[in-house]
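The values are calculated or read from the model by the stated rules, or taken from the named source; none is laboratory data. Here the structure is a predicted model, which means the values were calculated and not measured. Ideal geometry is used to build each Cβ from the backbone, glycine not excepted, and the neighbour counts take in all protein chains shown.
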Amino acid sequence: MKLADINTKTLSALLSLTKKKETLLAKVEAVEKQISALASGETREAIRVLRAKKAKRGRKAGAKRAKSTRPRAPKGQLKEQITSILNAAGEAGASVKEIAAQVGKPIQHIYVWFSSTGKKLGHFEKTDAGKYRNKPAQQ
C-alpha cells in the first residue's frame, strides 16, 4: 500500500486503530510492572496499584465497612426469651407487640421469627391475629 493511495477514510481508521493499540500496550506494560513487582518482592507497590484500581471502580480509597457497634447476641437467645415470655403468659398467650416490647426488638423481627424459626420449631401456635402461645402438651 502506497502512501499516495490512502484515502482519508482509511487514514482515520488506521489512526483510531493505532490509538487503541497504544492504550492496550500501556495497559500491558502496567500489568507487566505489577507482575515484576510481585516477583521481586515489592508487594507494597503492587498492593498500592491494586487498591488504586479498586478505588476507580467506585469505592473510596481507604474506606472500610461500617461495623455494628453492638456485638451479636448469642445463638438461640431470642428463642429462649420468646419461650420464657410465652410460658409466663400461659394459656392466653402473648401478642407480638408485647413480646417485642419485652425483648427489645422491632415488631417485624418477631413476626419474621415466628414465621420462620418458630414454625420450624413447632412449639408455638397462633391463637389470634398477632397472638401466639405455647402448644398444649399432647397426651
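Go through segment 94-139 and report how many residues are in a helix (DSSP H, G or I) and not charged (D, E, K, R).
Here the count works out to 19.
Could you tell me which residue of segment 110-126 is surrounded by the most Cβ atoms within 10 Å (Cβ to Cβ), considering only residues that are under 17 Å from Ser84 (Cα atoms) and β-branched (Val, Ile, Thr)?
Residue satisfying both the conditions and the ranking: Ile110.
What are the pairs, 6+ residues apart or on separate chains, where a residue within segment 1-23 that is of a type in the set (A, V, I, L, M) has its Cβ under 8 Å from a residue that is modelled with pLDDT under 85?
Leu14/Ile6
One line per residue, one yes/no per condition, for (1) at pLDDT 90 or above; (2) loosely packed, with under 15 Cβ neighbours inside 10 Å:
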site	(1), (2)
Ile35	no, yes
Gly41	no, yes
Lys53	no, yes
Gln77	no, yes
Ala88	yes, yes
Ile99	yes, no
Gln108	yes, yes
Asp128	no, yes
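Restrict the check to segment 102-122 and report whether at least one residue is more than 27 Å from the chain's Cα centre (by Cα), among the hydroxyl-bearing types (Ser, Thr, Tyr) and assigned by TED's automatic domain parsing to the domain that holds Leu86.
Here is the first cut: in segment 102-122, the ones more than 27 Å from the chain's Cα centre (by Cα) are 102, 121-122.
Now restrict to residues that are among the hydroxyl-bearing types (Ser, Thr, Tyr): none.
No.
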